[in-house]
Amino acid sequence: MQDDVQLDAWSAELEEVLVRVGHRFGRVDLRRRMRAYVHGLIGPVGRKNSWQLAEHAGHRTPSGLQHLLGRACWDPDDVRDDLQEYVAEKLGDAAGVLVIDDTGFIKKGMVSAGVQRQYSGTAGRTENCQIGVFAAYASVKGRALVDRELYLPKSWISDRNRCRTARIPDEREFATKGDLAKAMVRRALASPLPIAWVTADSAYGQEWRLRRMLEEAGVSYVLAVPKSQHVHALGRIDFAIAQAPDDAWERHSCGNGAKGPRIYDWAAARLPAIDDFDGDQATHQRWVLARRSLARPDEVAYYLAYAPNGTAVAELVRVAGSRWAIEEAFQAAKNECGLDQYEVRRYPGWYRHITLAMLAHAFLAAMASAAAEKGAAETVPALSRRSPWQKSDGSWQLAAPR
């Protein structure tokens, strides 16, 4: 009985999500296909491509779902906006953190939009892959992916015929991963998401334009930077941290990981104000921050931070640790919602599959948050249908699922 109540609650919440985005699909047949696609993404499907999702939905062929991802008339950016509103309602918190990172999608051949041999942090090596830049929202209630952009290397943008074959819009110009990150941050700040902080790894933290954009918007950040990062009036950040006295290092946990609290030694120091930027009555202060491994003290990570006056070091550490939330979101979205299991090659198809997978993952994150609030286990089982096996008159029979 308890399982039935939980399943009914999940079904009702999923129906709310599908109704929320349904108006973005102008025709009844598209809405039905979208619903079947999302149901399949959170259902017990081995590999979540169009063929197996169609089989799960009871379709004779995958052509309908392939049309949904390919030629159908709907804008995935509209669904993304609805997704951000949903995440704001279910996971929003005044201390929420926006996390930026990228992930690789290993691909064969050279036809898929944006594919080429390039470094993939996911694989840890150079691979033939696509790279997606993502934004995740993290709070005490949970985490979910809320935006995405496909990185297109210069080799693609410079070949307009190749772009047209992959249905990449003519107006799409070359943008660095940092440029894509800034565009997503701007959209997130304009969305209903309550964002107090932004964090990212050093590939994005070293972008001074991103840091300056956040400062001008009055948004706090803790951004990782390389050890060669120049600090205003002080020189390289690693040289500045190397001069820190022993008692400047404090032991803090930056959040729980798979093996318990992530505990490191941390050193933090406020930086002098910059008159040209801060004025006479600055509301925020800049910091340098360093994280040192307990087991391997020579492993040090570096950060630049911008925080409201009076912010405690423990809060900077908390935000720095929030960056792992996007790694957890990637893993969950790939394992549970097929984020990386698409077989589309063209540019529109990538955005459509990725956006619907993000929507499915946001639903699971919202349900996990609701379960945690009720005192249930934080790991919530994936939604599945009732078993078709029924026992009657002492024998088993298979019944069509409801």
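The values are calculated or read from the model by the stated rules, or taken from the named source; none is laboratory data. Small disclaimer: the values here were computed from a predicted structure and weren't measured. As a convention, Cβ positions derive from the backbone with ideal geometry for all residues, glycine included, and neighbour counts pool all protein chains shown.
Which one is surrounded by the fewest Cβ atoms within 10 Å (Cβ to Cβ), of the residues in segment 20-49 that are in a helix (DSSP H, G or I) and more than 23 Å from the chain's Cα centre (by Cα)?
Only one residue tops the list, namely V28.
For (1) more than 17 Å from V222 (Cβ to Cβ); (2) polar (S, T, N, Q); (3) touching an Asp or Glu at 6+ places or on another chain (Cβ under 9 Å), each residue gets a yes or a no:
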| position | (1), (2), (3) |
| --- | --- |
| G92 | yes, no, no |
| V115 | yes, no, no |
| Q118 | yes, yes, yes |
| C129 | yes, no, no |
| S139 | no, yes, yes |
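Those helices (runs of 4 or more DSSP H) of segment 158-224 in which 3 or more residues are more than 14 Å from D147 (Cα to Cα), of a type outside the set (D, E) and out of contact with any Phe, Trp or Tyr (no Cβ under 7 Å at 6 or more places or on another chain) occupy 160-165, 202-205, 208-217. Considering segment 72-131, the residues that are among the β-branched types (V, I, T) and in a loop (DSSP other than H, G, I, E, B) include one that is modelled with the highest pLDDT, namely V115.
Name every residue in segment 69-102 that is over 30 Å from R318 (Cβ atoms) and in contact with a Phe, Trp or Tyr (Cβ under 6 Å, 6 or more places away or on another chain), in order of residue number. Selection gives W74, P76.
For I157, the criteria (1) buried (at least 21 other Cβ atoms within 10 Å of the Cβ); (2) aliphatic (A, V, I, L, M); (3) closer than 24 Å to R346 by Cα hold in every case but one, which is (1).
Residues in segment 225-252 that are part of a strand (DSSP E or B) and either at positive phi or aromatic (F, W, Y) (or both): 2 in all. Here is a list: L150, L180, L193, L145. Which entry is in contact with a Gly (Cβ under 7 Å, 6 or more places away or on another chain) and under 29 Å from N128 (Cα atoms)? Step by step, each of L150, L180, L193, L145 is checked, and only L150 is in contact with a Gly (Cβ under 7 Å, 6 or more places away or on another chain) and under 29 Å from N128 (Cα atoms).
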